[in-house]
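Here is the structure we will look at.
Derivation of every value follows stated rules applied to the coordinates shown; laboratory data play no part. Being a predicted model, the structure only gives us computed values, none of them experimental. Cβ placement follows ideal geometry from the backbone for every residue including glycine, while neighbour counts extend to all protein chains displayed.
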Amino acid sequence: MLPFKIVYHPGYDLNLGAHVFPSQKYRLIYESLLHDHIALPEDFLTPEPAADADVLLVHTPEWVQKLKSGHLSLQELMHLEIPWSREMVDAVWLAAGGAILSGQRALADGFAANLAGGLHHAFPGHGEGFCAVNDVAVGIRRLQADKTIRTAMVVDTDVHQGNGTATIFAGDPAVFTLSIHQENNYPFAKPLSSMDINLQDGTGDEDYLPILEKKLFDALEEFHPDVIFYLAGADPYREDQLGGLALSIDGLKRRDRLVFDHARRRGIPVASFPAGGYARRTEDTVRIHVNTVLAARELFGRTAGAA
Ligand SMILES: [Zn+2]
């Protein structure tokens with residue numbers, strides 16, 4: 001049995017069919033964790049969809065209404081880059097509910113993994129890049145509204161910059177946003193995060209890991225969050241179809257360990273999210289995400305949450 005909970009719902013699948021975004025990966029991660037005896041059925045928690053009131057802590061009433069009714073303009077659909085469907089909307093509301101539950105469980109247990117979300121390209125009033133609702137921002141705002149946290153840090157290691165998250169928390173001294181990403185990639189307009197780390201094309205493990213370690217250390221010296229929301233994107237992988245970095249599968253696991261180790265040593269709870277992953281072979285994407293849970297198991301044992 002794992003020393004923390006994994007949050008999963010079959011409805012996480014955005015039902016995209018043959019799309020570069022393999023949204024069936026959430027189910028495949030779940031099945032792999034069970035099949036490989038990494039997790040038992042009792043290690044999983046099932047989230048409720050977020051309440052509209054929670055989504056409205058981040059998003060405009062107009063955008064929420066458009067998503068719920070399906071009345072999106074052609075331009076809005078083009079920015080979103082995924083088709084509207086009732087399943088898609090239900091899935092992102094579930095992802096946001098999962099982000100809330102993961103944040104709550106991280107505070108209780110020191111760590112929690114949500115198997116969906118990290119939809120960091122969603123802005124308050126529009127969606128972009130497969131992201132309709134910024135689940136992580138909803139999770140943070142709900143924990144703040146409940147007064148279970150005051151401050152939070154987003155550590156976003158997806159290969160693409162977290163433009164929606166940066167915009168949502170811009171000028172908010174209670175939330176620190178760190179994004180480490182490929183500079184020469186979508187989104188080409190990069191609103192400022194609290195800390196942006198722009199990497200050159202082809203950056204591999206041996207350059208990436210020391211840079212992340214130094215910058216994360218600097219960020220945690222400057223800012224003391226009550227919780228870290230960690231986007232463990234699989235798309236810095238060297239065989240990713242939408243990424244241009246060159247990390248190995250082992251390097252990505254070392255990245256996860258590095259983030260967890262720094263958080264654990266400072267007694268900061270972590271909730272993790274898969275974010276992107278578009279490897280030519282979906283099984284590589286799934287393995288990278290499964291490795292995040294394995295890295296957490298190594299770092300967040302019995303002493304989880306203890307400083
Ligand atoms: Zn990405």
### Summary
Set K25/K147; K5/K25; K5/K253; K190/K215; K25/K215, cut-off 25 Å on Cα-Cα distance; pairs above it are K25/K147; K25/K215
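If the chain between E31 and L192 were fully stretched, how many nm would it gain, using 0.36 nm times the residue separation less the Cα-Cα distance?
Between E31 and L192, full extension yields 54.2 nm more.
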### Task
List, in order, the whole-Hz ³J(HN,Hα) value for each residue of segment 192-208 obtained from phi through the Karplus relation with A = 6.51, B = -1.76, C = 1.60 and θ = phi - 60°; use x for Gly and Pro.
5, 7, 4, 9, 10, 10, 8, 9, 6, 3, x, 4, x, 3, 6, 8, 5
### Query
Which whole number of Å³ per residue matches the convex hull of the alpha-carbon atoms in segment 1-157?
112 Å³
### Query
Once the other residues with Cβ under 12 Å from the Cβ of L77 are scored (Lys, Arg +1; Asp, Glu -1), what is the net sum?
-2
### Task
Percent of Cα-Cα pairs per 10 Å bin, from 0 to the last occupied bin, for the chain, please list those.
7, 31, 40, 20, 2, 0
### Task
Quick one: grab Rg to one decimal and Dmax as a whole number for segment 163-257, Cα atoms only, in Å.
13.4, 37
### Task
Counting helices only, and only those DSSP H runs with n ≥ 4, report the 222 nm mean residue ellipticity of the chain as the sum of -39,500 (n - 2.57) divided by its residues, in deg cm²/dmol to the nearest 500.
-13000 deg cm²/dmol
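Taking 0.36 nm per intervening residue step and subtracting the Cα-Cα distance, what contour gain separates H79 from D250 on full extension? Spell out each step's value before the answer.
On the way: separation 171, 0.36 × 171 = 61.56 nm, distance 3.33 nm.
Fully extending the segment from H79 to D250 adds 58.2 nm.
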#### Entry: Residue among S23, S73, S272 with the largest mean-square fluctuation in a Gaussian network model of the chain, springs linking Cα atoms under 10 Å
S73
#### Entry: Gaussian network model of the chain, springs between alpha carbon atoms under 10 Å - residue of V270, V175, V89 with greatest fluctuation
V89
## Note on the structure
Of all DSSP beta bridges with both partners in the chain, the antiparallel percent, nearest 5, is 5 percent
### Query
Taking the simple approach of a point 7 Å from Cα along Cα-to-Cβ for both S69 and R266, what is their distance in nm?
4.4 nm
### Task
Could you work out how far apart the two model spin labels at R86 and A18 are, taking each label as a point 7 Å from the Cα in the direction of the beta carbon, and quote it in nm?
2.6 nm
### Query
If one computes the Cα centroid of segment 27-53 and of segment 186-218, what distance in Å separates the two points?
30 Å
### Message
Looking only at segment 125-242, where both bridge partners belong to it, what percent of the DSSP beta bridges are antiparallel (to the nearest 5)?
### Response
5 percent
### GNM result for the chain, Cα springs below 10 Å: residue of A174, A53, A39 fluctuating most strongly
A53
